[in-house]
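The values are calculated or read from the model by the stated rules, or taken from the named source; none is laboratory data. Since we're looking at a predicted model, the values are computed, not measured. Here Cβ is always computed from backbone atoms with ideal geometry, including for glycine, and neighbour counts include all displayed protein chains. SASA here: full protein model, heavy atoms, side chains in, ligands and nucleic acids out. Shrake-Rupley method; radii C 1.70, N 1.55, O 1.52, S 1.80 Å.
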Amino acid sequence: MLYGMSLLVYNYIIRRRLCVARSTFRAMRRPLAAGRVTSTDPALFILLILGRIKRNLIYYEMFRKVCSSIYKLSIISILLIFSSCNKDINSIGDPHFDVDGTPLYTVEFFVPKRPSSAKLYIETSGSMKGFFRANQANKFKKTVWSVFSGLQNATDNNVYTMSNGGDIDSPISLGEFRKKMNGGGFVSNTSTQIPMMLLNIIKQIDPEKDEVAVLVSDMKYSPMGPDAAPTVTQYQEQIRNLTGSHNYGVAFICADSEFLNSNNSIAEENSPYYYIIIGKPENVAALRNDIVAWCESTNSYVDSGDMGMNYKNPPISIHNVKNGVVSVVYPNNLITSFTREISDTCEFILRVDLTGYPSVMQPINIDSCVNITTTYGADIIKEVVDIQDDHHVKGSFDRKAYADILVKVFNMPLEDEVVEFTFNNRNGMDGRYTDRFNYIISADDEDELDRSFSFNKFIEGHFNARFNEFDKEPGREAEYEPRHQRILISHNY
């Protein structure tokens, strides 16, 4: 390309020289024809000619130097191109990359996706009546309406109340629901049978659509009737059996609100209740993020968690490389131009996108989730240097969450190296909750208004049936090893 440019410039100079010569002779003739220079002015005539020739020669010399420089650069570029054609980016022949650095493996990423359809359910049993008292505002009513109205476009414009041990009542419109909620129309003394509630809800989810179900409940165990589990232990087993019979993901969001007495006085300032989301993991994660943001906006958010989710793999990206260049074609998998003459260390930031994962964002938790190793024996150091978790990016309700991990690779025994990355939140996130939430789920009695009796058994029942999981590395399923993502560090370019 540079050689072609030099030819164009050279041709331009030749044409310019001819034009200048013609203009010079025309200029010499014009003053003679006009009578301004006569045959009695030979010195002036000669000076005029010499001055124009001198200027033209100066311009020509300038263009000649430019042309020569471009020509030399074109030769150097061509030599570099041919010399690099014989260099393999993957000089060590790692089987996960082609010779030009193209990754030969595929990874499916976990990316939250808002559901196209949502069904709204709310428990109206006797244990919930303190949230529904008439003509008295509280955070429960404000937050529930924020969530339900925020999801309205994805619903059938109805709310399904649940009472009488887990049955689904006839639907009521969102507008009518708001009137009854504010007017105390849902105060009752019916029982709560959570396994039956969940079973009836799951039956209504359309598996062919990106549909989720959202249940609002205090999740307190207070069974009645012949089908009720007589002990909390059996309740945990019922949850385990129910969860093991379907492949949906489940998330919970714990919020709190004022719980009112019958005279509308406040019995408890911060009584917990829950939003339970059931559906495909990607849809559950996206809606969990939205509901957390709505709860934060009303100052009622406590904690959240996921159960039975397939997290696949978190997206990663490479930033701030020192002693190397991130590939333009494969910016998440390839670093080139590593130079030992500069340093024996290749340093970069590995950014792990955690937007789809629970809000357990502490360095010690993230560090225990991350495993970074080298394939061919180089030493490696990793450190979590930054964590961001924002549910209100630029005033919206879109979550942005990531962890930045500083990675240093050094003492490479071969010319190139491969960095392997896996992420498994079983040790770092599953079951890691705030101190307050751990207090909430440690209730000994269903009448404790500041805690949630039996909700710990609900969580344990889910994990007894299905752990949160990841895509498995082929041939290593028995080790429960998540699929590896790899970064090739090459000394070639």
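Residues being part of a strand (DSSP E or B) and in contact (Cβ under 8 Å) with a residue 24 or more places away in the chain: count how many of those fall in region 389-418.
Residues that pass the stated criteria total 14.
Looking at residue 340 and the list (1) in a strand (DSSP E or B); (2) surrounded by fewer than 17 Cβ atoms within 10 Å (Cβ to Cβ); (3) touching a residue at least 40 places away in the same chain (Cβ under 8 Å); (4) not aliphatic (A, V, I, L, M), which single condition is not satisfied?
Evaluating residue 340 over (1) in a strand (DSSP E or B); (2) surrounded by fewer than 17 Cβ atoms within 10 Å (Cβ to Cβ); (3) touching a residue at least 40 places away in the same chain (Cβ under 8 Å); (4) not aliphatic (A, V, I, L, M) leaves (1) as the failure.
Of the residues that make up region 129-143, is at least one modelled with pLDDT of 95 or more, open to solvent by 50 Å² or more (accessible area, probe 1.4 Å) and under 30 Å from residue 176 (Cα atoms)?
Looking through region 129-143, at least one residue is modelled with pLDDT of 95 or more, open to solvent by 50 Å² or more (accessible area, probe 1.4 Å) and under 30 Å from residue 176 (Cα atoms).
So, in region 447-493, exactly how many residues are modelled with pLDDT of 85 or more and either closer than 30 Å to residue 413 by Cα or touching a Pro at 6+ places or on another chain (Cβ under 6 Å) (or both)?
The number of residues fulfilling the criteria is 10.
To keep it simple, each residue is scored yes or no on (1) modelled with pLDDT of 95 or more; (2) on the phi > 0 side of the Ramachandran plot; (3) touching an Asp or Glu at 6+ places or on another chain (Cβ under 7 Å).
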site: 317; (1), (2), (3): yes, no, no
site: 333; (1), (2), (3): yes, no, no
site: 340; (1), (2), (3): no, no, no
site: 350; (1), (2), (3): yes, no, no
site: 359; (1), (2), (3): no, no, yes
site: 364; (1), (2), (3): no, no, no
site: 368; (1), (2), (3): no, no, no
site: 380; (1), (2), (3): yes, no, no
site: 394; (1), (2), (3): no, yes, no
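When residues of region 144-167 are filtered for being open to solvent by less than 30 Å² (accessible area, probe 1.4 Å) and in a loop (DSSP other than H, G, I, E, B), how many remain?
Adding up the residues that qualify gives 4.
Find the residue count for region 241-255, including only residues that are open to solvent by 10 Å² or more (accessible area, probe 1.4 Å) and in contact with a Lys or Arg (Cβ under 9 Å, 6 or more places away or on another chain).
Summing the residues that are open to solvent by 10 Å² or more (accessible area, probe 1.4 Å) and in contact with a Lys or Arg (Cβ under 9 Å, 6 or more places away or on another chain) in region 241-255 gives 3.
From (1) in a strand (DSSP E or B); (2) open to solvent by less than 60 Å² (accessible area, probe 1.4 Å); (3) not hydroxyl-bearing (Ser, Thr, Tyr), pick out the condition that doesn't hold for residue 351.
That leaves (2) as the condition not met.
If residue 263 satisfies all but one of (1) open to solvent by less than 40 Å² (accessible area, probe 1.4 Å); (2) without any contact (Cβ under 8 Å) to a residue 40 or more places away in the chain, what's the number of the condition it fails?
Status for residue 263: all satisfied but (1).
Residues being of a type outside the set (Val, Ile, Thr) and free of Cβ contacts under 8 Å to residues at least 40 places away in the same chain: count how many of those fall in region 228-246.
Total meeting the criteria: 4.
Among what's in region 374-388 and is β-branched (Val, Ile, Thr) and either part of a loop (DSSP other than H, G, I, E, B) or surrounded by fewer than 14 Cβ atoms within 10 Å (Cβ to Cβ) (or both), pick the residue that is nearest to the chain's Cα centre (by Cα).
Once the filter is applied, the top-ranked residue is 385.
Among 299, 283, which is part of a loop (DSSP other than H, G, I, E, B) and in contact (Cβ under 8 Å) with a residue 40 or more places away in the chain?
Checking each option against the conditions leaves just 299.
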